There are 2 protein chains.
Amino acid sequence: MVADESSARSPQKNTGRSKPARRVRLSQKAIVAAAAELFARNGFGATSLDEIAERLGATKGALYYHIKNKEDILRHIYLTVLTASEEPLAEIAASSASPAEKLGRAIIHHATVAANRSPAMTVFYREHPHLTGPFAREIVVRKKVYERYFEQIIEEGQAAGVFTREIDAKIATFGLLGMCNWLSQWYQPGGPYTHQQIAAMFVRMVEQGMLTPPAITE
Amino acid sequence: MVADESSARSPQKNTGRSKPARRVRLSQKAIVAAAAELFARNGFGATSLDEIAERLGATKGALYYHIKNKEDILRHIYLTVLTASEEPLAEIAASSASPAEKLGRAIIHHATVAANRSPAMTVFYREHPHLTGPFAREIVVRKKVYERYFEQIIEEGQAAGVFTREIDAKIATFGLLGMCNWLSQWYQPGGPYTHQQIAAMFVRMVEQGMLTPPAITE
DNA sequence: TACAGTTTTGAACAACTGGTAGAAAGATAC
DNA sequence: GTATCTTTCTACCAGTTGTTCAAAACTGTA
């Protein structure tokens with residue numbers, strides 16, 4: 001058998017980048033925030049309560065004073081994302097701006113959430129199968145409602161003749177949501193562009209496209 | 001309740017959607033395919049070798065004749081995705097088509113891979129932290145090379161004046177890769193559009209944008 | 001038939017999992 | 001000081017995890 005570097009039967013000590021356990025006062029919020037980072041990096045199933053506790057400089061037992069169980073942490077992460085997302089979008093949709101203006105603002109809003117809540121966002125789109133019971137169903141519904149806002153803005157624009165009918169509203173929605181959600185995979189605050197600048201480019205791209213207008217020949 | 005022959009009195013409770021263990025001849029390929037589906041649904045860390053074996057109608061021990069260890073399965077999934085992705089894109093990039101034509105074909109190619117290899121694709125963008133050693137680094141490199149093709153096509157178009165310079169080539173790449181990758185989150189073969197149709201709409205959206213040209217007033 | 005090679009089994013293992021109980025410690029107010 | 005309430009720790013449980021391995025079952029073929 002070949003000695004292989006990668007599977008050196010590790011007693012599984014440090015999984016890479018875990019922080020040196022700063023001792024912060026424990027709270028539900030702190031637990032949820034720390035867990036979000038770990039879930040985002042390693043996945044819900046591969047993150048133990050011991051790891052979460054260690055990162056907070058506490059022990060597993062202490063966590064249970066603040067949370068009900070592991071899934072409870074996950075639920076709080078989902079609620080965090082939803083509360084940050086839903087209301088602003090509803091306001092944009094209900095405003096009296098033009099469809100193009102609305103769509104632009106909606107994209108900027110969504111991209112901002114994706115960029116700011118990065119770990120929670122990653123978890124949001126990854127760990128849904130680990131939610132159980134009525135809460136799981138509720139999330140599905142609220143996610144659909146959220147998407148529906150985008151669809152409606154686009155349909156509104158199509159009805160007004162400012163958006164092309166060649167692109168289905170649902171498909172367009174999935175497309176631009178994917179564009180924004182993907183941010184949480186690569187965006188890092190230190191980079192060459194702010195998330196506002198990136199969002200603006202996305203808007204420009206989705207609305208006017210990348211092709212320059214053909215030169216007018218007369 | 002339907003009498004299920006294959007799992008008569010299994011002490012193992014059925015975890016929801018697992019298939020009734022069709023007894024297929026075990027092979028590396030079969031293991032990797034089954035694992036990809038399970039990893040995609042529940043995550044690498046939350047999927048046990050028992051589950052993979054059960055779905056194949058075999059026992060955990062038998063897997064080890066075909067694979068080195070759990071991470072080895074993950075490695076094969078990554079290779080599957082890369083071999084399906086890299087070469088066709090390289091050919092498109094090297095072709096003599098126009099930048100707009102190339103970009104269109106590249107998007108269609110990528111969307112097709114995302115739609116067809118759905119479970120493997122989902123795993124590909126999710127489970128990278130569970131790869132270790134040189135292989136993990138190799139994947140990062142090859143992923144970057146892959147993205148670089150898109151960037152180059154866009155830069156080429158910008159240099160030729162057919163793509164706008166208002167959108168950074170890197171950002172545009174991330175945007176449209178996100179759009180395509182998101183497919184694996186929602187696309188289902190039975191839906192109202194084929195993946196070709198969806199890809200075509202994406203191309204239309206990215207190239208010309210959603211806004212209809214303003215009416216010419218004289 | 002017998003034999004060799006391939007494949008699968010089933011049990012064993014050490015480490016780790018989410019979760020619990022109660023003692024211990026820390027606060028706070030009197 | 002005492003009393004009370006809040007928070008954290010230690011130790012433990014029962015179940016599951018990835019992995020190993022000798023024995024068994026299967027395969028083809030001479």
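The values are calculated or read from the model by the stated rules, or taken from the named source; none is laboratory data. Since the structure is predicted, the reported quantities are computational estimates derived from the model, not experimental observations. Please note: Cβ atoms are built from the backbone with ideal geometry, for glycine as well, and neighbour counts cover all protein chains shown.
Numbers at a glance
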item	result
Test: residue in the range B:137-159 that is among the hydroxyl-bearing types (Ser, Thr, Tyr) and part of a helix (DSSP H, G or I)	yes
A:Gly161 more than 7 Å from chain B (Cβ to nearest Cβ) and either surrounded by fewer than 23 Cβ atoms within 10 Å (Cβ to Cβ) or within 20 Å of B:Ile167 (Cα to Cα) (or both)	no
Residues located in the range B:174-195, provided they are in a loop (DSSP other than H, G, I, E, B), more than 10 Å from chain A (Cβ to nearest Cβ) and modelled with pLDDT of 95 or more	B:Thr194
Tally of residues being in contact (Cβ under 8 Å) with a residue 60 or more places away in the chain and away from DNA strand D (no atom under 12 Å from the Cβ) across the range A:44-75	3
Some residue of the range A:84-94 being more than 16 Å from DNA strand D (Cβ to nearest atom), buried (at least 17 other Cβ atoms within 10 Å of the Cβ) and within 14 Å of chain B (Cβ to nearest Cβ)	no
Test: residue in the range B:104-125 that is crowded, with 19+ Cβ neighbours inside 10 Å, within 16 Å of DNA strand D (Cβ to nearest atom) and under 14 Å from the mean Cα position of the chain (by Cα)	yes
Any hit, the range A:167-190, residues being among the charged types (D, E, K, R) and without any contact (Cβ under 8 Å) to a residue 12 or more places away in the chain	yes
Among residues of the range B:59-113, those that are among the acidic types (Asp, Glu) and more than 16 Å from DNA strand C (Cβ to nearest atom), counted	4
Condition check for A:Glu37: among the charged types (D, E, K, R), within 14 Å of another protein chain (Cβ to nearest Cβ), surrounded by 15 or more Cβ atoms within 10 Å (Cβ to Cβ) and near DNA strand C (Cβ under 10 Å from one of its atoms)	no
Lone qualifier among B:Ile171, B:Ile198 - being under 22 Å from A:Tyr125 (Cα atoms), within 18 Å of the chain's Cα centre (by Cα) and at the interface with chain A (Cβ under 7 Å from one of its Cβ atoms)	B:Ile198
Residue in the range A:201-212 that is within 10 Å of chain B (Cβ to nearest Cβ), surrounded by 23 or more Cβ atoms within 10 Å (Cβ to Cβ) and not in a helix (DSSP H, G or I) present	yes
